[in-house]
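The values are calculated or read from the model by the stated rules, or taken from the named source; none is laboratory data. Only a predicted model underlies this, so the values are computations on that prediction, with no experimental measurement involved. Virtual Cβ from ideal backbone geometry, glycine too; neighbours counted across all protein chains shown. With ligands, DNA and RNA removed, areas are computed over all heavy atoms of the protein, side chains included. Shrake-Rupley method; radii C 1.70, N 1.55, O 1.52, S 1.80 Å.
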Amino acid sequence: QKGVEVFTTPSDKAIPYRIPAIAQNRRGELIAAADYRHSRSDIGIVPNGRIDLVARISGDGGQTWGKEFAIVEGKGAASPDFMNVGFGDPCIVADCDSDRVLLLSCAGNVSFQNGTRYNHQNIARFYSEDGGKTWSKPEDIAESIYSQFDNSSYGPVRSMFVASGRIMQSRKTKVGEYYRLYCAVLVRDRQAKHMNYILFSDDFGGS
């Protein structure tokens, strides 16, 4: 079967797409998200580098795709704050029982490699309540996660990178309204060692 290019960069001079993520909502629609890298690089590598998050939706199992739209547009050098310079490396999950979709991404203007406890990438949280068609404004949830490491044997951690791709939802473990979510993060500890941790949430990413 012939493949379908969901995000196409037509030439070396065009703005490139990178880091795709995909989820299927409860209606069976596929939601594909990706970076649209005006900066042509990772967050924080190019000063004030703009990166958008864009998406397309397919209702026929990926054979055809709807028009590309922006989940959020980075502001680059025009950003009034650190948070909105750029957004990248999305990970996504669609709830199995509702039309809610959760997307997490890196954000800001500091690279993972150069992050420190109090000067690091943001962790942006987005919600869709209609299966991925429209999205909320980003919220930074980094401090709620960084602070959990402060008194651990590995903390305080220097920087953290929300893993791109999939957030997984349990098929068995349900607490209250939602089945549990699992998400991987890459961490640089206080000695700059790289480690992987798993975050979990029982309220669909609320905490």
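A few notes on this one:
- Selection within segment 181-207 - surrounded by 15 or more Cβ atoms within 10 Å (Cβ to Cβ), assigned to a strand (DSSP E or B) and more than 18 Å from the chain's Cα centre (by Cα): Arg188
So that you can scan it fast, the table gives a plain yes or no per residue for (1) modelled with pLDDT of 95 or more; (2) more than 11 Å from Ile43 (Cβ to Cβ); (3) among the polar types (S, T, N, Q):
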position: Ile71; (1), (2), (3): yes, yes, no
position: Pro80; (1), (2), (3): no, yes, no
position: Val85; (1), (2), (3): yes, no, no
position: Pro90; (1), (2), (3): yes, yes, no
position: Asp95; (1), (2), (3): yes, yes, no
position: Ser98; (1), (2), (3): yes, yes, yes
position: Leu104; (1), (2), (3): yes, yes, no
position: Gly108; (1), (2), (3): yes, no, no
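- Residue ID - farthest from Ile43 (Cα to Cα), chosen from residues in segment 125-141 that are part of a strand (DSSP E or B) and either in contact with a Ser or Thr (Cβ under 7 Å, 6 or more places away or on another chain) or of a type in the set (Phe, Trp, Tyr) (or both): Ser128
- In segment 27-65, the residues that are touching a Ser or Thr at 6+ places or on another chain (Cβ under 7 Å) and open to solvent by less than 50 Å² (accessible area, probe 1.4 Å): Glu29, Leu30, Ile43, Gly44, Gly49, Ile51, Leu53, Ser58, Trp65
- Of the residues making up segment 66-75, those that are over 15 Å from Val4 (Cβ atoms) and either buried (at least 16 other Cβ atoms within 10 Å of the Cβ) or touching a Leu at 6+ places or on another chain (Cβ under 8 Å) (or both) number 6.
- Of the strands (runs of 3 or more DSSP E) lying entirely inside segment 47-94, those containing at least 1 residues that are of a type in the set (Phe, Trp, Tyr) and within 17 Å of the chain's Cα centre (by Cα) are 69-72, 87-94.
- Hits in segment 142-170 - residues which are touching a residue at least 60 places away in the same chain (Cβ under 8 Å), out of contact with any Asp or Glu (no Cβ under 9 Å at 6 or more places or on another chain) and either assigned to a strand (DSSP E or B) or open to solvent by 20 Å² or more (accessible area, probe 1.4 Å) (or both): Ser144, Arg166, Met168
- Gly76 vs. criteria over 17 Å from Ala21 (Cα atoms), touching a residue at least 24 places away in the same chain (Cβ under 8 Å) and in contact with a Lys or Arg (Cβ under 6 Å, 6 or more places away or on another chain): yes
- Tally, over segment 4-24, of residues that are at pLDDT 95 or above, more than 17 Å from Arg40 (Cβ to Cβ) and among the β-branched types (Val, Ile, Thr): 2
- Residue within segment 102-117 that is of a type in the set (D, E, K, R), under 26 Å from Ser201 (Cα atoms), open to solvent by less than 30 Å² (accessible area, probe 1.4 Å) and not in a loop (DSSP other than H, G, I, E, B) present: no
- Failed criterion for Trp135 (all others in (1) buried (at least 19 other Cβ atoms within 10 Å of the Cβ); (2) under 20 Å from Met168 (Cα atoms); (3) touching a Lys or Arg at 6+ places or on another chain (Cβ under 9 Å) hold): (3)
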